[in-house]
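Participant: This is the structure I want to talk about, given as structure tokens.
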Amino acid sequence: MRLETLAIHAGGEADAATGALAPPIHFATTFRHGPAGERLAGYEYQREGDPTNDRLRAAITALEGAETALTFASGMAAIAALLETLGGGTRILVPQDCYTGLRVLAAEFLPERGIEVITVDMTDLATVRNACHGGIGLIWAETPSNPLLAVSDIAALAAIAHEHDALLVCDNTFASPVLQQPLALGADVVMHSTTKYFGGHSDVLGGALAFARADALFARVAHRLHVTGATLAPFSAWLTLRGCRSLPARMAMHCANARQVAAFLSAQPQVARVHYPGLDTHPGHATATRQMRDFGGMLSIELRGGRDAALALAGALRLFTNATSLGGCESLVEHRASVEGERPVSPQALLRLSVGLEHAEDLIDDLRQGLDAI
Ligand code: PLP
């Protein structure tokens with residue numbers, strides 16, 4: 001079945017008890033079991049799984065072409081659970097440009113556990129290969145990356161990782177499985193902040209891991225999740241599952257709008273650079289064209305006038321709301337350097353845009369009036 005069909009039907013069987021088409025939400029924290037703890041219907045305690053989360057897991061498994069998936073209370077919980085399975089002494093590669101949370105985790109928490117983190121430009125395969133000399137346990141890719149929209153070559157990274165018996169994990173949050181399926185390109189695990197495009201309405205936090213194989217790694221991560229308890233609440237699972245149904249349709253419009261916004265911004269004299277993989281001037285355009293169905297709804301721009309111009313534009317926009325996060329129906333703008341804590345890494349001139357589902361012309365009108373005002 002094709003992705004659009006899976007998005008509607010995976011994990012969507014009618015409720016066996018009532019025939020209800022919308023999935024029931026089971027809020028129960030505990031499920032009746034037999035006198036010797038026998039699981040009578042497959043469930044025991046909500047931290048270890050519930051029917052609503054299982055439906056969402058089935059949907060994510062199908063959409064990513066995985067063997068199995070796990071859901072988490074947030075994207076960061078998913079990242080942490082996976083990285084917690086690494087033993088002391090493991091060397092891992094993380095991308096120069098990536099979500100701040102991973103950067104902080106890699107800088108502060110992983111070294112405490114004896115994990116050696118090497119930060120590399122993941123778009124530069126020669127650098128990646130060099131960094132693997134001396135052994136490597138895991139390569140973490142995020143493509144397109146947050147916030148610079150850097151595109152790394154998933155198939156090439158998978159080949160490098162596997163030459164070293166290492167895992168390739170790919171954060172697929174920006175693309176969603178609609179635009180990119182890293183497991184089909186050789187990745188071992190796909191990670192999502194389902195808070196973003198999966199949820200789609202800026203009203204539910206969540207994370208997921210989709211595994212190429214239901215193997216020992218999956219079992220170890222599942223065990224950690226069940227013991228440490230970063231479980232996704234059933235209502236959050238239900239909202240995220242509902243988001244899956246419209247994910248392909250929303251992604252198509254996010255992409256169409258972002259393409260128009262990127263083209264408009266590229267032609268504006270106040271804008272020094274537009275980072276959007278759909279532009280043929282983007283250094284990752286060829287790779288993106290090969291591994292993505294379309295280029296997504298995220299882009300970032302750098303203003304010629306530096307930080308002052310970026311803040312002035314962010315302040316002048318009316319339809320793009322100043323807010324963090326991304327992937328919702330509404331367009332957002334964010335000066336990343338201002339929200340990255342004590343040691344910001346994003347360029348001061350940079351604004352990140354999450355292009356929503358408003359009419360593209362209205363978004364462009366808003367950007368035009370904002371640029372005129374600065
Ligand atoms: N990965 C990417 C690319 C993100 O943008 C984010 C959040 O913005 C995360 C991971 C973390 O996800 P969450 O905020 O759901 O914990």
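Bear in mind that the values in this text are calculations on the coordinates, not laboratory data. The model shown is predicted, which means the values in this text are computed figures rather than measured ones. Positions of Cβ are backbone-derived with ideal geometry, glycine not excepted, and every protein chain shown enters the neighbour counts.
Participant: Out of every Cα pair in segment 1-102, what percent are spaced more than 21 Å from each other?
Facilitator: Percent of Cα pairs beyond 21 Å in segment 1-102: 54.
Participant: Here is a further query. Using only the Cα atoms of the chain, what semi-axes does the equivalent ellipsoid have when each is the square root of 5 times a gyration tensor eigenvalue? Give whole Å, largest first.
Facilitator: Equivalent ellipsoid of the chain: 34, 26, 18 Å, largest first.
Participant: Now for a separate question. Need one word for segment 98-168: rounded, prolate or oblate. Basis is the Cα gyration tensor (sqrt eigenvalues a ≥ b ≥ c); a/c below 1.5 gives rounded, then a/b vs b/c decides.
Facilitator: Judged from the Cα gyration tensor, segment 98-168 comes out oblate (a/c at least 1.5, b/c at or above a/b).
Participant: So what's the angle, to the nearest 10 degrees on a 0 to 90 scale, between helix 234-266 and the longest Cα principal axis of the chain?
Facilitator: 20
Participant: Further, regarding this structure: When the helix-only estimate is applied to the chain (DSSP H runs of n ≥ 4, each -39,500 (n - 2.57), divided by the residue count), what is the mean residue ellipticity at 222 nm, nearest 500 deg cm²/dmol?
Facilitator: On the way: 13 runs with 139 residues, N = 374.
Counting only the DSSP helices, I get -11000 deg cm²/dmol.
Participant: If each residue's Cβ is checked for other Cβ atoms within 10 Å, how do His335, His133, His275 rank with the fewest at the top?
Facilitator: The order, fewest Cβ neighbours first, is His133, His335, His275.
Participant: If I take all pairs of Cα atoms in segment 171-279, what percentage of them are more than 25 Å from each other?
Facilitator: The proportion of pairs with Cα distances above 25 Å equals 35 percent.
Participant: Which percent, to the nearest 5, of DSSP beta bridges fully inside the chain are antiparallel?
Facilitator: Of the beta bridges lying entirely in the chain, close to 60 percent run antiparallel.
Participant: When a/c is below 1.5 the answer is rounded, else prolate if a/b is larger than b/c, else oblate, so apply that to segment 246-373 with a ≥ b ≥ c taken from the square roots of the Cα gyration tensor eigenvalues.
Facilitator: rounded
Participant: Does segment 157-220 come out rounded, prolate or oblate by the C-alpha gyration tensor, with a ≥ b ≥ c the root eigenvalues, rounded set by a/c under 1.5 and, if not, prolate when a/b is larger than b/c and oblate if not?
Facilitator: prolate
Participant: So what's the angle, to the nearest 10 degrees on a 0 to 90 scale, between helix 306-316 and the longest Cα principal axis of the chain?
Facilitator: 70
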